[in-house]
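Here is the structure we will look at, set down as structure tokens.
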Amino acid sequence: MPEAAFVDVDAGRILLRTPFSNLLLCKRIPSASWDRLRRLWTYPATPQHARLIRASIPRLEASDRFAELLAAKTVTPVPPVKAPEPTPSIGLPAGLKTTPWRHQIEAFRFAMERLLRGAGAALLALEMGVGKTLVALMVLAAMAARRVLICCPLRVYRDLEEDFVAEVREARVTAANAMVKLLRLQQVASGWVKTDEGQYHRVDSAKQNLLADTLEDIGANEPV
């Protein structure tokens, strides 16, 4: 479950301490200012800003002073605070050297829409070999992430570092265990394996099915 945010009022400013997953939501609230020393967001202490923060930030815990500001009525006329604009169409991050496929663009937009709504996480439940790594990199680029934590079993990391080698010309695939060997073989052989007797055996059809779906979606005037 995402970490809760906390909001307080001090010295004429609203102080909002929130998880990184709410970064874009905090920026979209008018008059937002990032306090580097205290590592929190600050806003003018007005009832309008209090209501915007209450409506925009999920899982918000508030102090008594913020609750009083939230319940206060405006005594003097104050120019209305502009509400956050609707989220525009999410474009691809700049600097991509690889042109993503349609399903990768859809997965990227799905993840970004969840993050922009403050969900805190997104699951890319795609099959092996369809480009989850590129989608994840696109999300990181769009979020301007500076630090990334990759969690995987230590055994898998060592396999990737030392033993994840494929020699296609000699018909050999070297890996640390049978499961990794089979999965790598699926990628190299694209679902089919040729034996020494010259016979072909199907290993997996996921890529073939994906290719068929992709070709079916491509318009008659689109290059292939």
Checklist outcome for this item: Subtracting the Cα-Cα distance of ALA32 and CYS151 from 0.36 nm times their residue separation yields 39.5 nm
Next on the checklist: Which of rounded, prolate or oblate describes the stretch 1-68 when judged by the alpha-carbon gyration tensor and an a/c cut-off of 1.5?
Outcome noted: rounded
Item to check | Heavy-atom accessible surface of the stretch 1-58: percent carbon and sulfur, 1.4 Å | outcome: 55
Checklist entry - Which peptide among 59-65, 31-37 comes first, and what is the full order, when sorted by highest mean count of other Cβ atoms within 10 Å? => result 59-65, 31-37
Checklist outcome for this item: Protection proxy (average C-beta count within 10 Å per residue), highest first, orders 41-47, 131-137 as 41-47, 131-137
Checklist entry - Where does the charge balance sit around ASP35 when Lys and Arg score +1, Asp and Glu -1, over other residues with C-beta under 15 Å from its C-beta? => result +4
Checklist entry - Averaged per residue, what accessible area in Å² does the stretch 96-157 show with a 1.4 Å probe, protein chains only? => result 72
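The values are calculated or read from the model by the stated rules, or taken from the named source; none is laboratory data. Every value quoted in this text rests on a predicted model; they were computed, and no experiment measured them. So basically every Cβ, Gly included, is an ideal-geometry build from the backbone, and we count neighbours across all protein chains shown. With ligands, DNA and RNA removed, areas are computed over all heavy atoms of the protein, side chains included. Shrake-Rupley method; radii C 1.70, N 1.55, O 1.52, S 1.80 Å.
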